[in-house]
Amino acid sequence: MEQRTFFETDTARPLAARLRPNTLEEFVGQRHLIGEGKILRRLIETDRVSSMIFWGPPGVGKTTLARIIANSTKAKFIDFSAVTSGIKEIKQVMQQAEDNLRFGEKTILFVDEIHRFNKAQQDAFLPFVEKGSIILIGATTENPSFEVNGALLSRCKVFVLQALSSEDLTALLSRALADPRGFGSWKVVCPHEILETIAGFANGDARTALSTLEMVVLNGEMDGDTITVTQETVEQCISKKSLLYDKGGEEHYNLISALHKSMRNSDPDAAIYWLARMLEAGEDPLYIARRIVRFASEDVGLADPRAVEICVAAYQACHFIGMPECSVHLTQAVTYLSLAPKSNAMEVAYNAARDDAIKMLAEPVPLVIRNAPTKLMKNLGYGKGYQYAHDTADKLTNMQCLPDSLLGREYYRPTDQGLEGRFKERLEQIKAWKEEHKNG
């Protein structure tokens, strides 16, 4: 039998395109949505698809699921790209959908990368979704809570697609070697452990897995009509992995959250890992430095007052020398914060005071602590009875500094952590003194 070559029309297409599933049975992963008896599978099989959003990382099957719906449903299917289309194209498609509806035919409009549409473009869909002219299926890698208009989102069911497991990807790669649409007509020798390596490299992305497999097969060692894929070939093809990171998207906030919470949990190893993930993906080191300066007071505070000094110094080092040299300064600061005693008393104190300040914006400043730069102000009692603490033996007075309506409020509640235990003792001494001298 004559071997097919990659110069033939069908095999010139990328492997991922040739192996795109046409049915739910061929689809890999997302069993929580399309397993037997699961909601999305029932909707597809009963042709009761309503407007929905597919949200998930790249290469997990968002577009493929939409195409499977196209093959399964009795509705007209229109593929629409948010990258190349504007208001004019939207109106044309909507008119086509309304024409279809007059002939009793439903229209499913699939919008890839719906998060790329601005508010006005998304608004253009709304009336047609509301009156049933179209069934909208949007695909996005970004959190739809942030990227899709609330009015449109409320009319769509959101399905969260998950990154594929290594087992799913290994099975997919094995199928690609056996399927005639893939390398089934080729004599390819590729050990199972190499497929597992490729699956791990792909990090849940089927498209990356298949593209990598295609690359290693095309660069495999030829011996007659047999292609052997070696570990050395694989290592050359996957020497540099593109890190999953979008500095303007949700993953940006996921990673800074992971860093923040690892430091809060006193886990320096995890904190350093998340720091490296951000820096190696191209994050601005000054952004990270600003966040850790905030952390130094929000989560450490007076438990270790030096923390904020070290973080400000790290920020300055990042500003002076930049990446990659400043990575070590950020590592030092992140490690210090992870190991420092923790106290959130500063944040709790401010938030409590902020709530009172918002509710009581008009509370007057007590006359005793008002400034009196003019004779009129002095005559009105501004500053009358003011006590200068430095003139007293204990450097303390019983003067009232809060408005009458807030008298007795306590915002700062020190912990026993680190140095804050000493501040707590001092505060207790101050309160005891004031209690003893309150009528003095």
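The values are calculated or read from the model by the stated rules, or taken from the named source; none is laboratory data. Fair warning: this is a prediction, and the values are worked out from it, not measured in the lab. Positions of Cβ are backbone-derived with ideal geometry, glycine not excepted, and every protein chain shown enters the neighbour counts. Note: areas computed on protein heavy atoms with side chains; ligands, DNA, RNA excluded. Shrake-Rupley method; radii C 1.70, N 1.55, O 1.52, S 1.80 Å.
The HN-Hα couplings worked out from phi for the stretch 170-177 by the Karplus form 6.51 cos²θ - 1.76 cosθ + 1.60 (θ = phi - 60°) are 4, 5, 4, 5, 4, 5, 4, 6 Hz, whole numbers, x standing for Gly and Pro.
Exposed loop positions in the chain were taken to be chymotrypsin sites (Phe, Trp or Tyr not before Pro) whose DSSP state is not H, G, I, E or B and which have at most 11 other beta-carbon atoms within 10 angstrom. Between these positions, the longest stretch is 104-387. Straight-line reach from Lys62: which lysines have a Cα under 18 Å away, not including same-chain ones fewer than 8 places off? Within the straight-line cut-off, Lys62 pairs with Lys38, Lys157.
Phi angles of the stretch 305-312 translate, via the Karplus equation with coefficients 6.51, -1.76, 1.60 and θ = phi - 60°, into HN-Hα couplings of x, 6, 4, 5, 5, 5, 6, 5 Hz per residue; Gly and Pro are given as x. Going by alpha carbons, how many degrees (0 to 90, nearest 10) lie between the helix axis of 62-72 and the longest principal axis of the chain? On a 0 to 90 degree scale, this one is about 50. Apolar share of the accessible surface for the chain: 53 percent from carbon plus sulfur atoms, 1.4 Å probe. Among the trypsin sites (Lys or Arg not before Pro) in the stretch 13-95, those located in a DSSP loop and surrounded by at most 14 other Cβ atoms within 10 Å of their own Cβ are Lys38, Arg48, Lys74. So for the chain: antiparallel DSSP bridges make up what percent, rounded to the nearest 5? Counting DSSP beta bridges with both partners in the chain, the antiparallel share is about 10 percent. In the stretch 132-232, the convex hull through the Cα atoms has an average projected area of 8.9 nm², a quarter of its surface area. Computed over the stretch 184-227, the alpha-carbon pair-distance distribution with 10 angstrom bins reads 27, 53, 18, 1, each value a whole percent.
When the chain is treated as a Gaussian network with alpha carbon springs shorter than 10 Å, the biggest mean-square fluctuation among Asn379, Asn254, Asn118 belongs to Asn379.
Using the Kirkwood radius over Cα pairs, work out the Stokes-Einstein diffusion coefficient for the stretch 42-147 at 10 °C and 1.306 mPa s, in µm²/s as a whole number. In µm²/s, the coefficient is 114.
Once the chain from Val348 to Thr374 is taken as fully extended at 0.36 nm per residue, the excess over their C-alpha distance is 5.5 nm.
When the helix-only estimate is applied to the chain (DSSP H runs of n ≥ 4, each -39,500 (n - 2.57), divided by the residue count), what is the mean residue ellipticity at 222 nm, nearest 500 deg cm²/dmol? Spell out each step's value before the answer.
Working: 20 runs with 211 residues, N = 440.
Calculated at 222 nm, the ellipticity per residue is -14500 deg cm²/dmol.
Across the chain the C-alpha pair distances fall into 20 Å bins from zero in the proportions 18, 35, 30, 13, 4, 0 percent. In percent, rounded to a whole number, the relative contact order of the chain is 11, using alpha-carbon pairs under 8 Å and six or more apart.
Report the local net charge at Gly421: Lys and Arg +1, Asp and Glu -1, summed over other residues whose C-beta lies under 12 Å from its C-beta. Around Gly421, the surrounding residues sum to -2.
Roughly what angle does helix 268-280 make with the longest principal axis of the chain, taking Cα atoms, 0 to 90 degrees, to the nearest 10? Once rounded, the angle reads 60 degrees. One quarter of the convex hull surface built on the alpha carbon atoms of the stretch 336-438 amounts to 9.1 nm², the projected area averaged over directions.
Over the chain, with the other protein chains present, what is the accessible area per residue in square angstrom, probe 1.4 angstrom? Mind showing how you got there, number by number?
Working: 24210 Å² over 440 residues.
Normalised by residue count, the accessible surface of the chain is 55 Å².
In order along the stretch 283-297, the phi-based Karplus estimate (6.51 cos²θ - 1.76 cosθ + 1.60, θ = phi - 60°) of 3J(HN,Hα) comes to 5, 5, x, 5, 5, 4, 4, 5, 5, 6, 4, 4, 4, 4, 9 Hz; Gly and Pro are listed as x. Taking GluC sites (Glu not before Pro) as exposed when their DSSP state is a loop state and no more than 15 other Cβ atoms lie within 10 Å, the longest site-free interval of the chain runs over 106-324. Straight Cα distances below 22 angstrom link Lys384 to the lysines Lys375, Lys395, Lys434, Lys438, with same-chain residues fewer than 8 positions distant left out.
Distance distribution note for the stretch 236-389: the fraction of Cα pairs above 22 angstrom is 56%. If the elastic network links every pair of Cα atoms under 10 Å, which of Ile256, Ile39, Ile53 fluctuates the most in the Gaussian network model of the chain? Judging by the Gaussian network model, the answer is Ile39.
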